[in-house]
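A.B. asks: What follows is a structure written as C-alpha cells; I'll ask about it next.
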Amino acid sequence: MSKLSKNIIYNLFGQGLVLVIGFVAVKYIFHRLGGEVLGIIYFISTLNTVLAAVLEMGITSTTVREVSGHFESDKNYTKDLIQTFSFFYWSIYFLASLIIFFLAPFFVAKWIHLDTINPATAITIIRILGIAAITVLPSSLYASLIRGLQRMEFINLIEVVTLGLQQFGVFLILILGGGLFPVVYWFALIYIFRVIIYLFFSAHFFSFSALIPKFSFYVIKRNLKFVLQTSLISIFAAIHTQTDKLIISKLLPIGILGYYSFAYSSVSKGLLLSDAISGAAYPSFSALYKTGQKDDLISQYHKLQDLVCFGLLPIFAFIPFISLPLFSYLFNKEIAHLLLLPIAFLSLGFYMNGTVTIPYRFSLAAGKPEITAKMNFYALFIVLPATAILIHFFGLSGAGFSWVFYNIFGYFYAIPRMCKECLGIKVRDWYFHIFKIFILAILTFGLGWTSIALRGSYSLFSLMLAYLIALIFFLFFSYFLIGNEFRNTLLYYLKLFKIKFIKA
C-alpha cells in the first residue's frame, strides 16, 4: 500500500473517531449546565477560529509545502524555516492572549446576550478558555511539520487521545456532580496538554534545537509571497465560515448560537473524508510537482477527485436523514425541528465545499494560492452582505443557506481558474462531472426523502430504510459515472481483496 493510501486511511480513521467522541460531552453540558454555557463555549470557539486565522499568517500551509519538498534535500534550510515560524507563532500566541484577556468584558457587555449567567462569570470563562484554546496556533505549526513528513498516523493519534480525554473528563466531572468551573479548567488543561504533546512529537522528528524560536530574514524573503497569499486565504476563509455565527451571537440569544454552532460543527465533520484525502494529498502533490512528474500528478488528481465527490455525497445525504432523531436525543424535539432546514442547507454547502478541496490543494502545490485568496476577497463584498440579509430575514435557515451561496460563488470564480491555470483540464468537463453527481443524488436520496415527507413518518426506522434504499441505487449507478482512473483503482483493490481474503 502506498504512503498516500496509508495516510488517507490514518486520517479517515482518526478523524472518524474524533467525530464520534465529539458527541459525548455535548448532551451532558446541555442538560447539566444549560444552553447558555454551551453557547459561550461555541462563541469562544468561533472567536478563537477567527483570531487564529487572522494571526496564522499562512504559515501552516507554507510549512507543509516546504518541509515535504526540502526535508531530505536541504536540512539546514528546513531547520531555519521551523525556527523562524516558531518565533512568529509563539510571539503571536502571547499577543492573542492579551487581546482575549482585555476584550472579554467588551464581548460580554456589548455582543452576546445572557439571561441566566452572571456577566463576571462569563468574562472569566472567556478568558480561561480563550487563552488556553488559542494554543491552537503553535499546535497547528507542530502538526504541519508532521504533515510535511507525511506521518499522518501521529497527528490522528494525538487528536483522538486529547479529544477523548477532554470528552471523558467532562463526562466524569458532570456525573460526579462537578459544576461549571471544573469543566472550564479541564477544557483549558487539555488544550495545554495538546500543544505539549505536539511539541514532543515534533522534537522526535526534528530535534528540540530545531524548535527553538529564531528569526531568519532569508526564510522570510524566500517564502514571503506564498505566505502572504495563503495568509489571505486563511483570514478570508475564517471570515466567511464564522460570520454567520458572529451575526447570530449578536442578533439572537447565546443559547441559539450554541445549538446552531454545534449543528454546524457536526455537519462540517462530514468533510472528514475530503479532509483525510486532501490532507494526505497536499504533501504528495507538492513532492510530485517539485520533481515535475506531471502525468502521475494529473492521474492522482483524477482518482482522488472522484473518490471525494462520490464518497462525500452519501455522507452528507445521510446527515438530514439522521438529524431529527439525533438532535432530539441530544437536545429535544423542538430544537431538532428548528435545526432541520439549516442542517439540510449546511449539508449541501459542505458537500459543495468538499468537491473543491482537491483542486484547491492542487493549486497550492502548483504555487497558485492567489486564486483562492482573490475569490475570498471578492466574496467579502458579495457573500457577507448576503449573509447578514439572509440571517436578518430568515434566521438560522438563512445562516445555513449563506454557506451554500458562498460555495456557489466559489464554483463560478475559483474553479475556472484552477482548471485553466493549474489542472490543464476543460472547465465544462469539471462542471459536467459535478452536475451528473447532483442529478444522481436528486434521483436517489432526494426521492428517498420525498417519500418520507409525503407519508409524514419521521421514525428512525423509516428514515434509515429510505436512506439505505437510496444508497443502494446511488452506489450502483455511481460505478458507471466514475472516471477510468478511479474505476481501475477500485478493480485493483477488489482483486487484491479476493486474493488475500477470499482465496485464503
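The values are calculated or read from the model by the stated rules, or taken from the named source; none is laboratory data. All values reported here derive from a predicted model rather than from experimental measurement. Please note: Cβ atoms are built from the backbone with ideal geometry, for glycine as well, and neighbour counts cover all protein chains shown.
A.B. asks: So how many residues does region 136-157 have that are in contact with a Ser or Thr (Cβ under 9 Å, 6 or more places away or on another chain) and polar (S, T, N, Q)?
C.D. replies: 3
A.B. asks: Which condition number in (1) surrounded by fewer than 19 Cβ atoms within 10 Å (Cβ to Cβ); (2) of a type outside the set (S, T, N, Q); (3) in contact (Cβ under 8 Å) with a residue 24 or more places away in the chain; (4) part of a helix (DSSP H, G or I) is the one that ILE233 fails?
C.D. replies: (1)
A.B. asks: I'd like to check something: does region 475-498 contain any residue that is loosely packed, with under 15 Cβ neighbours inside 10 Å, within 27 Å of ILE343 (Cα to Cα) and touching a residue at least 40 places away in the same chain (Cβ under 8 Å)?
C.D. replies: Among the residues of region 475-498, at least one is loosely packed, with under 15 Cβ neighbours inside 10 Å, within 27 Å of ILE343 (Cα to Cα) and touching a residue at least 40 places away in the same chain (Cβ under 8 Å), which makes the answer yes.
A.B. asks: Tally the residues that are part of a helix (DSSP H, G or I), of a type outside the set (Ser, Thr, Tyr) and surrounded by fewer than 19 Cβ atoms within 10 Å (Cβ to Cβ), restricting the search to region 84-121.
C.D. replies: Final tally of qualifying residues: 16.
A.B. asks: Could you please let me know if SER397 is of a type in the set (S, T, N, Q) and either touching a Pro at 6+ places or on another chain (Cβ under 8 Å) or at positive phi (or both)?
C.D. replies: Taking the combined requirement at face value, the residue satisfies it.
A.B. asks: Quick check on this structure: which one of ILE126, ILE131, ILE146, ILE158 is touching a residue at least 60 places away in the same chain (Cβ under 8 Å) and touching a helix residue (DSSP H, G or I) at 6+ places or on another chain (Cβ under 7 Å)?
C.D. replies: ILE126
A.B. asks: A further question on this structure: Would you pick out the residues in region 182-205 that are more than 23 Å from the chain's Cα centre (by Cα) and without any contact (Cβ under 8 Å) to a residue 40 or more places away in the chain?
C.D. replies: PRO182, TRP186, PHE200, ALA203, HIS204, listed by residue number.
A.B. asks: Continuing with the same structure: Go over the candidates PHE327, PHE316, PHE331 one by one and state the one that is aromatic (Phe, Trp, Tyr), surrounded by 22 or more Cβ atoms within 10 Å (Cβ to Cβ) and modelled with pLDDT of 90 or more.
C.D. replies: PHE316
Residues checked against (1) part of a loop (DSSP other than H, G, I, E, B); (2) surrounded by fewer than 17 Cβ atoms within 10 Å (Cβ to Cβ):
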position	(1), (2)
LEU129	no, no
ARG147	no, no
GLU153	no, yes
GLY177	yes, yes
PHE181	no, yes
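A.B. asks: Continuing with this model, one more query. Tell me yes or no: at least one residue of region 255-263 is modelled with pLDDT of 80 or more, buried (at least 22 other Cβ atoms within 10 Å of the Cβ) and more than 18 Å from TYR406 (Cβ to Cβ). Step through it out loud before you land on a result.
C.D. replies: Quick first cut of region 255-263, residues modelled with pLDDT of 80 or more only: 256, 259-263.
This time we only want the ones that are buried (at least 22 other Cβ atoms within 10 Å of the Cβ), so: 259-263.
Then drop every residue that is not more than 18 Å from TYR406 (Cβ to Cβ), which leaves 259, 262.
There is at least one residue in region 255-263 that is modelled with pLDDT of 80 or more, buried (at least 22 other Cβ atoms within 10 Å of the Cβ) and more than 18 Å from TYR406 (Cβ to Cβ).
A.B. asks: For region 212-230, give me each residue that is surrounded by 14 or more Cβ atoms within 10 Å (Cβ to Cβ) and either in contact with a helix residue (DSSP H, G or I) (Cβ under 6 Å, 6 or more places away or on another chain) or not in a helix (DSSP H, G or I) (or both).
C.D. replies: The answer is PRO213, LYS214, SER216, VAL219, ASN223, PHE226, VAL227, GLN229, THR230.
A.B. asks: List every residue pair whose Cβ atoms lie under 6 Å apart, where the two residues are 6 or more positions apart in sequence or sit on different chains, the first residue falls within region 289-300 and is farther than 18 Å from HIS70 by Cβ, and the second residue, located anywhere, is not β-branched (Val, Ile, Thr).
C.D. replies: Qualifying pairs under 6 Å: ASP296/LEU288; LEU297/LEU288; SER299/GLU485.
A.B. asks: Of all residues being assigned to a helix (DSSP H, G or I) and of a type in the set (Val, Ile, Thr) in region 406-426, which is nearest to ASN353 (Cα to Cα)? Just the residue, please. Before the answer, list the steps.
C.D. replies: Step one: of region 406-426, the residues assigned to a helix (DSSP H, G or I) are 406-423.
After this cut, where a residue has to be of a type in the set (Val, Ile, Thr) as well, the list is 408, 415.
Numbers: ILE408: 9, ILE415: 11 Å.
Residue satisfying both the conditions and the ranking: ILE408.
A.B. asks: Among the helices (runs of 4 or more DSSP H) confined wholly to region 427-499, which include 3 or more residues that are more than 26 Å from the chain's Cα centre (by Cα) and modelled with pLDDT under 85?
C.D. replies: In region 427-499, 484-497 are the helices (runs of 4 or more DSSP H) which contain 3 or more residues that are more than 26 Å from the chain's Cα centre (by Cα) and modelled with pLDDT under 85.
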